[in-house]
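Report on one structure; see the data block that follows.
The values are calculated or read from the model by the stated rules, or taken from the named source; none is laboratory data. Remember, predicted model here, so these are calculated numbers, not experimental data. So basically every Cβ, Gly included, is an ideal-geometry build from the backbone, and we count neighbours across all protein chains shown.
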Amino acid sequence: MTKKIYLYTITAFFIFVSHIVIYKSSFVENFDFFMYDFIVNISKPLSSDTSSNVVIVDIDEKSLKSLGQWPWPRIILAELIQKIDDAKASAIGIDILFPEEDRTSLANIQKFYKESFGLELNIKGLDHKYFDNDKILAEQIKSSKSVLSYYLSSKKILDNSCQNIYSVDIDIDNNKLPNYLDIMCNSDTIQKASLKQGFVNKYTDSDGVLRKVPLIAKYKDEKVVSLPLATLLSIDDTMSYSNSTINVLNHNVQLSKNSSILLHYYSPQWYEKVSAIDLLTHEEMKKKLFGKIVLIGSSSVALHDRVIIPQGREFAGVQVNATIIANILDESFIVQPENYKLINMFISFMLSIFLAIILIRKKRIWIVYMFLMVFIFSSVYIFIAYYQNYYISIGYLLLPFLIHFFIINLLSIVIEFIEKKMVLEELNKSQIALFDSMVHVAEAHDLETGGHIIRTKNYVKIIAENLYKKGLYQNYLTPKKISIMHHTSALHDIGKVGISDLILKKEGKLDDNEFKIMKTHSRLGKNIIDNAISSYKENDFFTTARNIVYYHHEKFDGSGYPKGLKGEEIPLEARIMALADVYDALMSKRVYKKAFTYEKTKQIIISGVHEHFDPVIVEAFLSSEEEFKKVSSLYIDK
């Protein structure tokens, strides 16, 4: 009981530590990104039966081709804003920065020619107000109450300080806000014209995909908002905050980590766009903007304002801002509660503990059942939550669970392999013990002793290993084969159980008829092995045993029995057994003879080369003399 408690404690500690390591690694976050993208990709994107409440006035390729390369003279943008304002749009957000003065202004052109070439350009008959494009644009921004954009930076980028930055007074913990130290905004003339501005920062995740965007940030000591949120606040600047939720235009927006929202993208057909050149040249285009929230931006590849979204599509930055506004007004953004990461890690920890308990208690089939149940329930739960606009960070459950499932299954396979190996080894030992018992049955009728069996087994092994080390019979001799030969050699005289005791225990030389009967023991032994094969199936163990039993009295010159085989016609194991059997018979005392000395035995074997014995086997015997002597002295008959 104490051992089990100790095992459970160690296992729980290991799983606990591994969960902490996984939670702190970036790997689990990336896996969670993968799971989120997978769900997004197999789910239908948002669509609407009605038209979008956001329209993008797009500085597209068509507009650039017609009006020339970017940046345009700001008098053109002023005219664009005027047309949008005339169309009675509910709000205008400008997703463009104007950090420098417009060099195409007449005043700046005059200044350029005077400073560079000393030329005075006199333009008569033109109202002075048309000499400064920035003032024209600023006046149009002010009259239309357009919202400007700026870019925040965590590092120092410029030495200027922006004036008139719009901030909000809400009670939100600064620790929950991304903090920025510097800003890139518009030139003073344009910046002062706008009552509201918002940042356009969009930060992709570590894999380069844009999934969430911040709505509120901290710049110096002020709380500032993003361009989409500022555009909505230009309609009604009332905003409240409570329990990580802001209320804008009577719409509640639950903020995720760093006061951001997880975007819910719409189908490509949902986004309404009006080309900037079409709006400038066709009056009827203004009808599409009536009552809409209008964002001015660019989808042109040349302007490089593009990101990758979870569906794998390229998106213009202005489309992202349109998505944010629509998500807030439709309340269709995805909520990702931060506490679900820890909750899922805890669930994974408990499931992994349960898996370990199942393994320890050897209920392995339940490991598979548990995997299927976790997979099914998590799949159902995650899709139900997603269609209710929640993402429950399922990667934080599945990844650690899958890792531990793999480890535990691997352990299960290893344990099962070890157990099977132990069972097979036990079965093999039982078989060997059974064969030894059969041999002892034969011994009960024979004058030979149990020591003969033990010694000959070892002699066979010594010779076989010697041949293996020399690289002989490489296609036949293996460690497994040598082990089989070692054990099955004990059966070499098993056929003697069928020989009469009068012959087996005769004290003296057998006559011709008796010797003829004695020689049948090899055939009788073969029959015993064949019967075993018919009861089961032929395998290497039985084949080796049959070769030893049937052919160990064959001689190398073909004068042996029962088949009179010659040379390598005789199986290798039988040739080895022949030398081992004769060696032990010569070295052992019998009732009809005294034990020979090792030297005399050696000379008899050498004299039998090419006649009785295979010369290769004799060479192996001679190079293993000390081992043979050691076995002879270790297992002496008593």
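Considering only residues that are under 35 Å from the mean Cα position of the chain (by Cα) and among the hydrophobic types (A, V, I, L, M, F, W, C), look in the range 234-262 and name the one that is surrounded by the most Cβ atoms within 10 Å (Cβ to Cβ).
Taking the candidates together, the pick is 261.
Which ones in the range 546-597 are polar (S, T, N, Q) and within 57 Å of the chain's Cα centre (by Cα)?
Hit for the range 546-597 is 547, nothing else.
Restricting the range 143-173 to residues that are of a type in the set (A, V, I, L, M, F, W, C) and in contact with a helix residue (DSSP H, G or I) (Cβ under 9 Å, 6 or more places away or on another chain), which is modelled with the lowest pLDDT?
The extreme case among them is 162.
How many residues does the range 299-314 contain that are in contact with a Leu (Cβ under 8 Å, 6 or more places away or on another chain), assigned to a loop (DSSP other than H, G, I, E, B) and within 17 Å of residue 59 (Cα to Cα)?
The total comes to 1.
Filter the range 90-142 down to residues that are hydrophobic (A, V, I, L, M, F, W, C), at pLDDT 80 or above, over 27 Å from residue 316 (Cα atoms) and touching a helix residue (DSSP H, G or I) at 6+ places or on another chain (Cβ under 8 Å), then give me how many there are.
5
Residues are listed down the side, and each one gets a yes or a no for (1) within 24 Å of residue 564 (Cα to Cα); (2) assigned to a loop (DSSP other than H, G, I, E, B):
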| position | (1), (2) |
| --- | --- |
| 580 | yes, no |
| 586 | yes, no |
| 596 | no, yes |
| 602 | no, no |
| 606 | yes, no |
| 627 | no, no |
| 630 | no, no |
| 637 | no, yes |
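I need the full set of residues from the range 273-298 which are out of contact with any Gly (no Cβ under 9 Å at 6 or more places or on another chain) and part of a loop (DSSP other than H, G, I, E, B), in order please.
The answer is 282, 290, 291, 292.
For the range 607-638, how many residues are polar (S, T, N, Q) and over 15 Å from residue 463 (Cβ atoms)?
The number of residues fulfilling the criteria is 2.
In the range 82-94, what count of residues is obtained for those that are assigned to a helix (DSSP H, G or I) and within 20 Å of residue 52 (Cβ to Cβ)?
Summing the residues that are assigned to a helix (DSSP H, G or I) and within 20 Å of residue 52 (Cβ to Cβ) in the range 82-94 gives 3.
Just checking, which of 334, 367, 343, 358 is hydrophobic (A, V, I, L, M, F, W, C), buried (at least 16 other Cβ atoms within 10 Å of the Cβ) and at pLDDT 85 or above?
334
Evaluate the range 107-120: report whether one residue or more is assigned to a helix (DSSP H, G or I), of a type in the set (Lys, Arg), farther than 28 Å from residue 225 by Cα and in contact (Cβ under 8 Å) with a residue 60 or more places away in the chain.
No, the range 107-120 contains no residue that is assigned to a helix (DSSP H, G or I), of a type in the set (Lys, Arg), farther than 28 Å from residue 225 by Cα and in contact (Cβ under 8 Å) with a residue 60 or more places away in the chain.
Is there a residue being outside any helix (DSSP H, G or I), assigned by TED's automatic domain parsing to the domain that holds residue 216, surrounded by 13 or more Cβ atoms within 10 Å (Cβ to Cβ) and of a type outside the set (Lys, Arg) anywhere in the range 123-131?
No, there is no match, as no residue in the range 123-131 is outside any helix (DSSP H, G or I), assigned by TED's automatic domain parsing to the domain that holds residue 216, surrounded by 13 or more Cβ atoms within 10 Å (Cβ to Cβ) and of a type outside the set (Lys, Arg).
Within the range 590-605, can you find the residues that are surrounded by 13 or more Cβ atoms within 10 Å (Cβ to Cβ) and among the aliphatic types (A, V, I, L, M)?
Correct list: 595, 604, 605.
Quickly run through the range 526-552 and pick out the residues that are surrounded by fewer than 19 Cβ atoms within 10 Å (Cβ to Cβ) and part of a loop (DSSP other than H, G, I, E, B).
Passing the criteria: 536, 537, 538, 539.
State the number of residues belonging to the range 495-506 that are over 13 Å from residue 581 (Cβ atoms), in contact (Cβ under 8 Å) with a residue 24 or more places away in the chain and assigned to a helix (DSSP H, G or I).
Adding up the residues that qualify gives 5.
Being touching a residue at least 60 places away in the same chain (Cβ under 8 Å) and either part of a loop (DSSP other than H, G, I, E, B) or buried (at least 16 other Cβ atoms within 10 Å of the Cβ) (or both) is the requirement here; does residue 509 meet it? Break it down into steps so the answer makes sense when it comes.
Numbers: touching a residue at least 60 places away in the same chain (Cβ under 8 Å): yes; either part of a loop (DSSP other than H, G, I, E, B) or buried (at least 16 other Cβ atoms within 10 Å of the Cβ) (or both): yes.
Yes: the conditions hold for residue 509.
Kindly check whether there is at least one residue in the range 38-59 that is within 26 Å of residue 208 (Cα to Cα), over 43 Å from the mean Cα position of the chain (by Cα) and modelled with pLDDT of 85 or more.
yes
Can you find a residue that is farther than 24 Å from residue 94 by Cα, of a type outside the set (A, V, I, L, M) and in the same structural domain as residue 66 (by TED's automatic domain parsing) anywhere in the range 331-348?
no
Kindly indicate whether any position in the range 62-69 is without any contact (Cβ under 8 Å) to a residue 60 or more places away in the chain, within 52 Å of the chain's Cα centre (by Cα) and part of a helix (DSSP H, G or I).
Looking through the range 62-69, at least one residue is without any contact (Cβ under 8 Å) to a residue 60 or more places away in the chain, within 52 Å of the chain's Cα centre (by Cα) and part of a helix (DSSP H, G or I).
Quick one: count up the residues across the range 264-318 that are crowded, with 17+ Cβ neighbours inside 10 Å, among the acidic types (Asp, Glu) and at pLDDT below 90.
Matching residues across the range 264-318 total 1.
Here are 40, 17, 28, 54: which of them is free of Cβ contacts under 8 Å to residues at least 24 places away in the same chain and either among the hydrophobic types (A, V, I, L, M, F, W, C) or over 24 Å from residue 271 (Cβ atoms) (or both)?
Criteria check complete, one pass: 17.
Go through the range 311-358 and report how many residues are farther than 23 Å from residue 248 by Cβ and out of contact with any strand residue (DSSP E or B) (no Cβ under 9 Å at 6 or more places or on another chain).
21
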